[in-house]
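First up is the structure itself, then whatever we jot down about it.
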Amino acid sequence: MTTFTDVVNEIRTTIRYRKKLMPWIKGLDERAPKAGDMAPDFTLFDTTGALSVTLSDFRGKRPVALVFGSFT
Amino acid sequence: MRLHDLYEQYHERVQFLGVYIREAHPRDGWWLGGPLLGRIIKRYAPKVSMDHLDPRTIEERRAVAGECETALQYGIRTYVDEMDDRVNAAYAGWPTRLYLIGVDGRVVYAGGLGPYGFKPDELKAAIDGYLESA
């Protein structure tokens, strides 16, 4: 059963986290690589830990679309 | 345009890589799964999880990334950032962001910070422009 207090607490929590993270979030765009920059190379493994990928392996072969994200 | 549609349209000419990074809204962080926001988000983004903690080990991170890959069904293989978040840091990827990298290794398109700047339509336009000029 959702109460008014639950909703108020949720809003307070969201505001608190937002205030805490906003200064950090603002700096993210400045740190992001821009069009024309060399893309930072990386090697990562898939969800099984068995298969790896290296970004620079695609150089001279095909463009790469990178999709950053998480589940939540 | 959805990411799945982009992948379907371009995957033979563009390599799509999903990069799973630190959770944006885990239960033990900036959680948005409460009674109010949770209902709103579930309505508009039903596949998004509201019930995960931030993974503490690479094994936990890979497991959640696998669940994410299965649930979202973009068709894009997911690769998992290490626990030091080095790829996320290099690309300022958190919470979500899109890039297109050209065959010369340079950034062609750098999308905005998600969720508001996460625009698959812009990525599509960048892909179209790049492929036409190639």
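Rule-based calculations on the coordinates, nothing more; no lab input. Since the model is a prediction, treat every value here as computed from it, not as a measurement. As a convention, Cβ positions derive from the backbone with ideal geometry for all residues, glycine included, and neighbour counts pool all protein chains shown.
Restricting region B:27-60 to residues that are farther than 15 Å from residue B:95 by Cβ and under 16 Å from the mean Cα position of the chain (by Cα), the residue that is farthest from the other protein chains (Cβ to nearest Cβ) is B:46. Number of residues in region B:89-108 that are within 15 Å of residue A:33 (Cβ to Cβ) and crowded, with 22+ Cβ neighbours inside 10 Å equals 9.
Note on region B:1-26: residues that are over 23 Å from residue A:54 (Cα atoms) and either crowded, with 20+ Cβ neighbours inside 10 Å or at the interface with chain A (Cβ under 7 Å from one of its Cβ atoms) (or both) amount to 3. Scanning region B:51-70 for residues that are among the aliphatic types (A, V, I, L, M) and out of contact with any Ser or Thr (no Cβ under 7 Å at 6 or more places or on another chain) returns B:53, B:58, B:63, B:64. Tally up the residues in region B:84-122 that are of a type in the set (D, E, K, R), in contact with a strand residue (DSSP E or B) (Cβ under 8 Å, 6 or more places away or on another chain) and farther than 18 Å from residue B:2 by Cβ, please. Here the count works out to 1. Among all residues of region B:58-71, there is none that is surrounded by fewer than 17 Cβ atoms within 10 Å (Cβ to Cβ) and under 12 Å from residue A:69 (Cα atoms). Give me a count of the residues in region A:31-65 that are over 17 Å from the mean Cα position of the chain (by Cα), surrounded by fewer than 17 Cβ atoms within 10 Å (Cβ to Cβ) and assigned to a loop (DSSP other than H, G, I, E, B). Within region A:31-65, residues that are over 17 Å from the mean Cα position of the chain (by Cα), surrounded by fewer than 17 Cβ atoms within 10 Å (Cβ to Cβ) and assigned to a loop (DSSP other than H, G, I, E, B) number 10.
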